[in-house]
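Report on one structure; see the data block that follows.
Bear in mind these aren't lab numbers, they're just calculated from the coordinates by the rules spelled out. Since the model is a prediction, treat every value here as computed from it, not as a measurement. Cβ atoms come from the backbone with ideal geometry, glycine included; neighbour counts cover every protein chain shown.
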Amino acid sequence: MPQPRDYCKIELSGSFDFNWADYLRDIRGSEQVKQGTIRSTTLVGCPRDLEACLGLLHMLVDRGFPVQAFEYHHATPGEAVVRASCQDDSAA
């Protein structure tokens, strides 16, 4: 049974160049489009810990990406809910 993992969500205003994906590793992105214009980008994933998540956040800010919101959830061992996108792929 997969173990619950930490979860983070970062919202950026405008578009995000997904060529940066090599730096993001297990982070996935989606864009919100309104009237043909990208209004915001949401990055979601499961970093190995808070330090890795903050490192990603600092990298985005240092490179000028307009961070609008940040959310981090620390998974506890007793949690019953496991996010499907955050399951350990190495166990498969």
Sum up the charges of everything whose Cβ sits under 15 Å from the Cβ of P66, counting Lys and Arg as +1 and Asp and Glu as -1, but leave P66 out.
-> -2
Whole-number D in µm²/s for segment 25-71 (Stokes-Einstein; Kirkwood sum over Cα pairs; 4 °C, 1.567 mPa s) | 110 µm²/s
